[in-house]
Amino acid sequence: MRPTLLSRTRRWLGASALALLVATGGITTAFVMTSQQATAQVQQAAQIIVPPAQATGFADLVEAVKPAVVSILVEGKETGPGGPGGQPNFNMPDLPEGSPFKDFFDQFGQQGQGGPNGAPPQARKFEAAGSGFMISADGYIVTNNHVVENATKVTVVFDDGSEKVAKVIGTDQRTDLAVIKIDGTDLPFVKLEDTRSRVGDWVVAVGNPFGLGGTVTVGIISAEGRDIGGSSYGDFLQIDAAVNSGNSGGPDFNMKGEVVGVNTAIYSPNGGNVGIAFAIPASTVKQIAEQLIKGGSVVRGYLGVSIQDVTRDIADSVGLKTAKGAIVREPSTDGPAGKAGVQSGDIITAVDGKQINDALDLSRTIASKAPTTPVELTIWRNGAEVKVSVTLETLTEDAAKADPSAPTPPKEVAPAKSSVGLMLVPNSDGTGGLLIQGVDEDSAAADKGFAVGDAILEVDNMPVSTLDEFEAAIKGVKDKGLNTALVKASRGGEARFVGLPLDTAK
């Protein structure tokens, strides 16, 4: 199972700090001393008497919540190298295609392995262990999707050692959450927090690391809003409580005994505890769990746009004061946004009046809304703010996949040098635009990452397919008094916007 790590911070009192304590409160004098007497007295007074400590532990909290925290034992079949609970050596977990954490862990070399001589891997039995917690008196339990993925049997083990077989109610791969259920009434359960905890707040993690069961670790929330896997739905808490393999699906509690997050991943080059763990926040858990219990699956709103962050250069190129929002690269064909009039180059700055900070923020906001919900988009377009009303549709796997085709370099037309350090040639494959055939390494274009093979589609929201059109658009930007041109480019079939500074171009 994917572990989550938390390391407790040790504080050491150095010599300078010790000297400060002595100087400020460790010495008292009741009479005038000679220098020799003073030296002796100082030496005696340097011994600090520590007052009795007050009880400040977490025992009462742990004793109260532990009956609702369970270990989860999984039996199943899978075709990848290692069970969904993680490899036997407790290294980085094997994750299914589409998991929001797969890209995150692939950087450490955890790639799938095929069978002998390149043959497809064979299905095999596995056993794994994870954690979970009850959220209702009738036996609904929250855990991770990767804990119960491919499971043929799920057994819940309580803190007192008793066991019950559970049924998988529903799973959500995008957030890595799952709900299972056992039969029972008046079972102990805990609630999800209503008010989101803050960075620096205490958290107590309870789980089943390495199959040991009932393990408690303590730390703080180190950061929030982490996007750890390239997921459009990433919004993770980072904690430093010690979390290891088997803690996946286990809860993190605040000081009121409310669940603030569900442990789901760790950052570690070798699978060991390095003090960086990630938890799904309670607000997400609550929303997803309710849908899984109600219908066994999660339904999300769909806007139908490919988007990217607004950089400072992009903001400058369109006269936007703050570099916030999400710029639309392309609206999907027949998608709700396209049908409502949203255009490529539009910058979405708010949804229903709520400010949008970046592309991930927009994705989270739309995903949290139900299909058929009408939303009002605040858009920055052509130097002015406009409002567009869009009725969301249902996000499907097909809708989530983009299928643009990459431009093909022409073979006959000689490239021409532009005023911004790019060698350009018209695109002859019928998709329009200009292809980059060379980049001046000393130009601003090189600094912004333009490369041979990229296609220039638009400049200042104007389509360009010849060098004359390109230069006219660049001149138009300068005539507006702007020093940055908004360039829409495509690489590998994926469009993006780049703010290209003009005052340093050669």
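Just so you know, all these numbers are worked out from the coordinates, no wet-lab data involved. Nothing here was measured: the structure is a model prediction, and the numbers come from that model. Every residue, glycine among them, receives a Cβ derived from its backbone with ideal geometry; neighbour counts consider all protein chains shown.
Structure values in brief
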{"quantity": "Burial order of peptide ranges 150-161, 376-387 (average beta-carbon count within 10 Å, highest first)", "calculated": "150-161, 376-387"}
{"quantity": "5 angstrom amide H check on Val310, placed H, neighbours 5+ away", "calculated": "Gly325, Ile327, Ala359"}
{"quantity": "Vicinal HN-Hα couplings computed from phi for segment 238-249 (Karplus, 6.51 cos²θ - 1.76 cosθ + 1.60; Hz; Gly/Pro x)", "calculated": "9, 10, 10, 6, 5, 10, 9, 4, x, 6, 4, x"}
{"quantity": "Within segment 301-400, percent of DSSP bridges classed antiparallel, to nearest 5", "calculated": "100 percent"}
{"quantity": "Charge dipole magnitude, Cβ of K and R +1, D and E -1 - segment 301-400, Cα centre, debye nearest 20", "calculated": "300 debye"}
{"quantity": "Segment 347-369 versus segment 116-195: alpha-carbon centroid distance in Å", "calculated": "32 Å"}
{"quantity": "Exceeding the 22 Å Cα-Cα cut-off - candidates Lys153/Lys286; Lys448/Lys475; Lys324/Lys488; Lys153/Lys256", "calculated": "Lys153/Lys286; Lys153/Lys256"}
{"quantity": "Placed amide H near Glu393: partners under 5 Å, 5+ positions off or other chain", "calculated": "Tyr302, Thr372"}
{"quantity": "Packing rank of 439-446, 251-258, where each peptide gets the mean count of other beta carbons within 10 Å, highest leading", "calculated": "251-258, 439-446"}
